[in-house]
Amino acid sequence: GPNAYSHEILGVLGELALTMEKLPSWAAPLPVKKNLLTMRDEAYIHYEPLGVVLVIGAWNYPFVLVMQPLIGAIAAGNAVVVKPSEVSENTARLLSELLPQYLDKELYPVVTGGVPETTELLTQRFDHILYTGNTAVGRIVMAAAAKHLTPVTLELGGKSPCYIDKDCDLAVACRRITWGKYMNCGQTCIAPDYILCHPSIQDKVVENIKETLKEFYGEDVKSSPDYGRIVNQRHFKRVKSLLEGQKIALGGETDEASCFIAPTILTDVSPESKVMEEEIFGPVLPIVTVKSVEEAIEFINVREKPLALYVFSNNKELIKRVISQTSSGGVTGNDVIMHFFLSTLPFGGVGHSGMGAYHGKHSFETFSHRRSCLIKDLRMESTNKMRYPPGSQKKVDW
Amino acid sequence: METGMVVPQLPESEARRAPEGDGGSLNVDGDVTSRNPFAGLVSHLRASWLSGKTRPMEYRMAQLEALGHFLDDKKQEILEATASDLGKPPFEAELSEIFLCKNELHETLNNLSRWMKDEHVDKNLAMQLDSAFIRKDPYGVVLIIAPWNYPIHLCLVPLIGAIAAGNCVLVKPSEVSKKTERIVAEALPSYLDKDCFAVVTGGVSETTRLLENKFDFIFFTGSPPVGRIVMTAAAKHLTPVTLELGGKNPCYVSDTCDVTNVARRVAWGRFFNAGQTCIAPDYLLCTIEMQEKLIPALRKAVDDFYGPNPRESPDFGRIVSDKQFQRVQRLLGSGRVVIGGQTDEAERYIAPTVLVDVQPSDPIMQEEIFGPILPIVVIANMDEAIDFINSRERPLALYAFSSDDKVVNQVLERTSSGGFCGNDTLTHVTLTSLPFGGIGNSGLGMHHGKFSFDTFSHHRGCLKRGMGWEPLNAPRYPPYSQQKFGVIRAASKVTRKNDCTLL
């Protein structure tokens with residue numbers, strides 16, 4: 001869509017510039033603290049490439065989710081096999097045509113294809129695999145990697161909760177949430193998936209989001225050039241089916257021919273309903289009411305650890321408490337999505353939302369081996385005498 | 001991987017159950033306990049984890065202090081148990097099982113409050129008013145599987161890291177080192193909070209059952225084939241792992257070196273714990289000329305260390321089991337014995353042995369030796385040695401001996417291994433400021449010192465923004481425009497700096 005440049009390319013350019021500036025310092029051997037026995041030795045961590053890295057991209061942000069890992073893998077000195085998602089076929093084709101024109105295609109080949117090709121690819125031995133996608137396939141990737149003892153970084157997903165406290169500027173909170181939820185038509189791994197709030201503010205939340213939607217997309221969302229579509233029929237049907245039996249407070253209109261689903265809000269959603277089971281990955285925002293922040297925390301903790309967690313409140317202590325008593329890949333307080341854009345923060349999941357992290361220096365470290373090095377002198381043998389047999393109590397006590 | 005892929009759908013019941021409280025203690029079906037005998041225990045640990053008990057620093061410090069008492073109180077029993085299990089000389093046992101563990105413990109106790117603090121990170125222009133930090137969260141319920149060769153050390157050092165990071169832990173010591181297993185199973189739990197820390201015992205089938213449970217992290221030390229099994233089991237639950245495995249650690253000796261010192265350092269590293277050390281120099285690479293000089297020097301070193309009959313030395317260990325003894329004994333058939341070679345099955349004794357005329361295709365060059373045998377493989381020069389090393393799996397450790405710095409550096413630069421030590425063996429792992437871990441077949445992940453704490457923590461990126469200053473966000477909202485985009489670009493740009501030096 002038209003937002004592609006700001007959403008995708010700008011981030012990549014930033015990451016590139018940062019990496020090029022910092023690479024010498026990242027890659028330099030890191031001396032470490034020595035003890036008495038090693039005082040005269042050289043002790044340091046030597047950053048080395050892992051070898052051949054496989055990057056498997058996803059279709060929702062098809063450019064950045066291939067390019068950002070690629071930047072890190074190249075920076076760390078690896079050869080990289082790039083496998084863009086076949087679902088975003090135009091970007092895949094573009095990458096396979098353009099990348100070899102700029103990069104050494106012996107070292108950085110692009111492989112295209114669908115399930116059979118990817119399955120075959122995964123039987124090969126790599127030195128690291130970074131996969132972005134869903135939890136179910138994440139398991140398959142890790143199982144394939146296990147056969148070769150290949151380390152993996154899995155950027156998966158889940159239901160990222162968004163708790164709105166009664167004590168907050170609702171207009172601002174809802175504007176920020178609206179932005180994060182409906183960008184890319186909800187197809188963002190760190191979109192706020194569902195809202196948790198007190199029943200007394202539920203209606204106000206709906207109102208505020210409704211107003212913001214008008215501000216963003218105009219009276220007729222369908223004709224806004226800034227509102228996206230669901231990627232394909234299969235996902236369209238999947239997301240649409242989540243609306244069944246739900247109380248639709250806003251939106252709900254769909255058009256199969258264009259895979260259009262209007263920005264939708266569901267209220268008084270039951271925790272057991274289908275829309276609360278799987279990651280929505282669409283422009284449908286369920287609100288589940290909770291009586292207190294404690295209830296919200298418990299609700300979150302009973303479920304799989306999400307990729308992102310959001311909490312809106314004027315009360316700093318409350319925000320601290322929510323963060324401390326939950327677990328998630330990452331957190332943004334009083335906003336959504338934004339932690340993704342700070343490259344000094346590691347970006348990754350935990351539990352079912354993934355393992356490992358990247359962005360900025362974290363990419364470099366993910367794709368490097370930290371080899372510990374101790375270089376001693378061949379002379380100075382007398383200091384070693386204490387450790388050799390024959391042992392004696394005297395030696396031990398010293 | 002999206003459409004078209006036959007995505008294995010979780011069965012309805014699995015998709016809906018509370019992920020944390022699972023496992024069978026809720027008795028979803030009748031014979032679940034026989035299928036999964038550890039389900040109740042794992043559930044209990046998970047409940048303790050969810051209570052938040054292990055998070056406060058004071059709690060973690062108290063548990064770690066208790067581990068220190070365990071090492072002090074049980075020192076004698078540990079020395080006796082390892083002597084019985086492995087013929088471990090008390091000197092070695094005190095060094096590896098007590099002293100090194102206490103180093104890790106003290107390092108952790110001294111630094112824990114600092115390690116636990118949120119790590120504030122640099123911010124870009126757009127986020128100057130925000131708070132951005134990395135929070136170190138515990139994973140939850142951690143499983144540690146330990147091997148038999150340093151049975152206390154390889155339980156305790158990861159355990160220290162896991163507790164320091166705020167996790168609940170289940171420890172599975174090796175059943176092969178039986179007496180030590182009993183100390184860990186019977187004595188250790190009484191020092192720790194039984195709600196949050198437990199020990200399970202058993203062999204292969206019990207461990208297989210154990211691995212069916214969901215853990216939040218698995219730390220495994222052992223062989224590559226079992227490492228694969230552990231990682232495959234972990235994949236089912238998307239459990240992150242650290243695997244400390246092994247391989248054949250090459251030891252290159254250049255022609256320019258102090259032969260006496262080399263021989264002592266290599267002999268020490270090879271024959272410590274009767275060779276049953278994952279980072280022991282596995283085989284030696286040198287020229288035929290160096291070999292001729294090394295053999296008498298090695299012979300003298302062995303004699304200095306263990307006397308004329310190492311079997312009578314209290315400072316030389318034994319092989320842990322009959323099975324291992326027979327395996328290592330078979331390897332004596334490769335090449336030709338020039339030092340040692342004697343064995344005694346009843347004692348599981350294998351003499352400190354050096355073999356020459358070893359071919360790359362010999363049995364001893366096909367597996368990690370894990371015994372007191374040092375084969376020498378002759379090469380023509382350093383380049384050939386490097387090629388030899390690089391044509392094989394990446395080892396856990398790599399050693400290079402030379403008086404010439406450049407040679408040591410060349411070997412370092414042109415090879416890959418978990419860790420590297422120039423002009424010595426083993427000692428690089430005793431420095432807690434260096435990460436200890438493998439690469440490729442020798443493992444993934446790392447630990448020791450702060451690296452343990454980091455390994456057992458989830459590094460959670462956190463950004464706290466204010467609710468004010470909302471107009472600053474305006475450029476990012478639709479309706480989109482070139483002008484808005486320009487503002488975003490200006491605010492978040494990272495420019496490429498020029499490489500110019502001022503003269």
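Quick notes on this one:
- Here B:Val407 fits the description: within 14 Å of chain A (Cβ to nearest Cβ) and either touching a strand residue (DSSP E or B) at 6+ places or on another chain (Cβ under 9 Å) or open to solvent by less than 60 Å² (accessible area, probe 1.4 Å) (or both).
- Residue in segment A:277-285 that is modelled with pLDDT of 95 or more, buried (at least 23 other Cβ atoms within 10 Å of the Cβ), away from chain B (no Cβ under 14 Å) and not in a loop (DSSP other than H, G, I, E, B) present: yes
- Annotation note: Cβ proximity below 6 Å between a residue of segment A:115-144 that is assigned to a helix (DSSP H, G or I) and a residue that is modelled with pLDDT under 95 (sequence gap 6+ or interchain) occurs for A:Val115/B:Gly4; A:Val115/B:Met5; A:Thr118/B:Met1; A:Ala136/B:Val7; A:Ala136/B:Pro8; A:Val137/B:Met1.
- Taken together, B:Ala185, B:Ala126 contain a single residue that is part of a helix (DSSP H, G or I) and within 14 Å of another protein chain (Cβ to nearest Cβ), which is B:Ala126.
- Among the criteria (1) assigned to a helix (DSSP H, G or I); (2) of a type outside the set (Ser, Thr, Tyr); (3) open to solvent by less than 10 Å² (accessible area, probe 1.4 Å); (4) more than 9 Å from chain B (Cβ to nearest Cβ), the one A:Ile230 does not fulfil is (1).
- Residue list for segment B:285-327, restricted to those being part of a helix (DSSP H, G or I), touching a strand residue (DSSP E or B) at 6+ places or on another chain (Cβ under 6 Å) and more than 14 Å from chain A (Cβ to nearest Cβ): B:Ile288, B:Gln291, B:Ile295, B:Arg299
- All conditions but one from (1) surrounded by fewer than 22 Cβ atoms within 10 Å (Cβ to Cβ); (2) at the interface with chain B (Cβ under 7 Å from one of its Cβ atoms) apply to A:His352; the one that does not is (1).
- Among the criteria (1) away from chain B (no Cβ under 11 Å); (2) open to solvent by less than 20 Å² (accessible area, probe 1.4 Å); (3) in contact with a Leu (Cβ under 8 Å, 6 or more places away or on another chain), the one A:Tyr108 does not fulfil is (2).
Per-residue answers, yes or no, for (1) among the polar types (S, T, N, Q); (2) open to solvent by 60 Å² or more (accessible area, probe 1.4 Å); (3) modelled with pLDDT of 95 or more; (4) touching a Lys or Arg at 6+ places or on another chain (Cβ under 8 Å):
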{"site": "B:Glu347", "(1), (2), (3), (4)": "no, yes, yes, yes"}
{"site": "B:Pro352", "(1), (2), (3), (4)": "no, no, yes, yes"}
{"site": "B:Ile369", "(1), (2), (3), (4)": "no, no, yes, yes"}
{"site": "B:Asn381", "(1), (2), (3), (4)": "yes, yes, yes, no"}
{"site": "B:Glu384", "(1), (2), (3), (4)": "no, yes, yes, no"}
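- Number of residues in segment B:107-126 that are out of contact with any Ser or Thr (no Cβ under 7 Å at 6 or more places or on another chain), over 30 Å from B:Leu472 (Cβ atoms) and touching a residue at least 24 places away in the same chain (Cβ under 8 Å): the value is 7.
- Restricting A:Gln187, A:Gln202 to residues that are under 20 Å from the mean Cα position of the chain (by Cα) and surrounded by fewer than 24 Cβ atoms within 10 Å (Cβ to Cβ) narrows the list to A:Gln187.
Table: residues versus (1) in a strand (DSSP E or B); (2) at pLDDT 95 or above.
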{"residue": "A:Met20", "(1), (2)": "no, yes"}
{"residue": "A:Ser25", "(1), (2)": "no, yes"}
{"residue": "A:Leu37", "(1), (2)": "no, no"}
{"residue": "A:Arg40", "(1), (2)": "no, no"}
{"residue": "A:Tyr44", "(1), (2)": "yes, yes"}
{"residue": "A:Leu54", "(1), (2)": "yes, yes"}
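- Residues located in segment A:243-260, provided they are in a loop (DSSP other than H, G, I, E, B) and either away from chain B (no Cβ under 14 Å) or at pLDDT below 95 (or both): A:Leu243, A:Glu244, A:Gly245, A:Gln246, A:Gly251, A:Gly252, A:Glu253
- Those residues of segment B:244-284 which are within 13 Å of another protein chain (Cβ to nearest Cβ), polar (S, T, N, Q) and open to solvent by less than 10 Å² (accessible area, probe 1.4 Å), in sequence order: B:Ser254, B:Asn273
- Filter result for A:Ile261 (farther than 27 Å from A:Lys204 by Cβ and touching a Gly at 6+ places or on another chain (Cβ under 8 Å)): no
- Considering residues of segment B:431-460 that are assigned to a helix (DSSP H, G or I) and of a type in the set (Gly, Ala, Ser) only, the residue nearest to the other protein chains (Cβ to nearest Cβ): B:Gly440
- Residue satisfying condition, being more than 8 Å from chain B (Cβ to nearest Cβ), at pLDDT 95 or above and open to solvent by less than 40 Å² (accessible area, probe 1.4 Å), within set A:Pro151, A:Pro84: A:Pro84
- In segment B:63-102, the residues that are closer than 18 Å to B:Gln276 by Cα, open to solvent by 10 Å² or more (accessible area, probe 1.4 Å) and not in a helix (DSSP H, G or I): B:Gly87
- Residue check, A:Phe312 at the interface with another protein chain (Cβ under 9 Å from one of its Cβ atoms), more than 30 Å from B:Asn261 (Cβ to Cβ) and open to solvent by 30 Å² or more (accessible area, probe 1.4 Å): no
- When B:Asp424 is tested against (1) open to solvent by 30 Å² or more (accessible area, probe 1.4 Å); (2) modelled with pLDDT of 95 or more; (3) outside any helix (DSSP H, G or I); (4) facing chain A (nearest Cβ under 10 Å), exactly one condition is not met: (1).
- Taking segment A:145-165 as the range and being in a loop (DSSP other than H, G, I, E, B), aliphatic (A, V, I, L, M) and under 19 Å from A:Phe340 (Cα atoms) as the test, only A:Leu156 passes.
- Residues considered: A:Leu378, A:Leu342. Of these, the only one that is free of Cβ contacts under 8 Å to residues at least 40 places away in the same chain, closer than 12 Å to B:Gly461 by Cβ, among the hydrophobic types (A, V, I, L, M, F, W, C) and facing chain B (nearest Cβ under 7 Å) is A:Leu342.
- Exactly one residue out of A:Glu272, A:Glu295, A:Glu215 is of a type outside the set (S, T, N, Q), within 26 Å of B:Pro475 (Cα to Cα) and open to solvent by 50 Å² or more (accessible area, probe 1.4 Å): that is A:Glu215.
- Any chance A:Glu304 is touching a His at 6+ places or on another chain (Cβ under 6 Å) and surrounded by 15 or more Cβ atoms within 10 Å (Cβ to Cβ): yes
- The residues of segment A:42-63 that are out of contact with any strand residue (DSSP E or B) (no Cβ under 6 Å at 6 or more places or on another chain) and surrounded by fewer than 22 Cβ atoms within 10 Å (Cβ to Cβ), listed by number, are A:Pro49, A:Gly51, A:Phe63.
- Considering (1) surrounded by fewer than 24 Cβ atoms within 10 Å (Cβ to Cβ); (2) out of contact with any helix residue (DSSP H, G or I) (no Cβ under 7 Å at 6 or more places or on another chain); (3) closer than 30 Å to A:Tyr47 by Cβ, the lone condition that B:Gln342 does not fulfil carries the number (3).
The values are calculated or read from the model by the stated rules, or taken from the named source; none is laboratory data. As the structure is a computational prediction, the values presented were derived from the model and not from experiment. Cβ atoms come from the backbone with ideal geometry, glycine included; neighbour counts cover every protein chain shown. What goes into the accessible areas is simple: the full protein's heavy atoms, side chains included, and nothing from ligands, DNA or RNA. Shrake-Rupley method; radii C 1.70, N 1.55, O 1.52, S 1.80 Å.
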